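Please read the structure below before turning to the comments.
The values are calculated or read from the model by the stated rules, or taken from the named source; none is laboratory data. What you are looking at is a predicted structure, and each value in this text was computed from that prediction instead of being measured. Positions of Cβ are generated from backbone atoms using ideal geometry, with glycine treated the same way; all protein chains shown enter the neighbour counts. Surface areas here come from the heavy atoms of the whole protein model, side chains and all, with no ligands, DNA or RNA. Shrake-Rupley method; radii C 1.70, N 1.55, O 1.52, S 1.80 Å.
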Amino acid sequence: MVELRGSYRYATPEALEAAVRAAMLRASETDDDHDASVWLRTLTRRGTRLEVRATLTRDSDPFLASSVLSVLSEAAVEGAVDVRRGDKVVDCFDSGDIDD
């Protein structure tokens with residue numbers, strides 16, 4: 001099991017909402033087999049801060065998760081979401097990351 005935990009801060013609440021919309025659009029374009037709206041339940045908004053708490057199961061699409069986190073991290077001004085397997089951090093999506 002893989003967990004995604006962390007938070008991002010955006011310049012404005014509008015920038016946060018735009019990032020979430022862009023991530024959901026990317027998710028819906030990327031994968032027709034999984035419901036992109038499931039991601040909305042893993043996101044908690046507070047002002048300009050977005051918290052991410054998700055668990056990936058065997059049925060989850062890791063490429064979809066990566067795509068969503070890439071979009072969210074690109075627009076963030078600070079923060080990070082760690083990808084954890086047990087107690088180990090196996091990857092991290094830092095704010096400002098650009099998926100090349």
* Compare Glu51, Glu29 by solvent-accessible area with a 1.4 Å probe and give them largest first, with all protein chains kept in place. => Glu29, Glu51
* Asked: So if R0 is 35 Å, what FRET efficiency would Thr57 and Glu78 give, r being the distance between their Cβ atoms, rounded to the nearest 0.05?
  -> 0.75
* To do: Return one whole number: the accessible area per residue of the chain in Å², for a 1.4 Å probe.
  => 60
* Asked: What is the distance, in nm, between label points placed 7 Å from the Cα along the Cα-to-Cβ direction at Ala11 and at Ser70?
  -> 2.3
* Go from 0 up to the bin containing the longest alpha carbon distance in the stretch 1-92, width 10 Å each, and give me the % of pairs per bin. => 17, 53, 27, 2
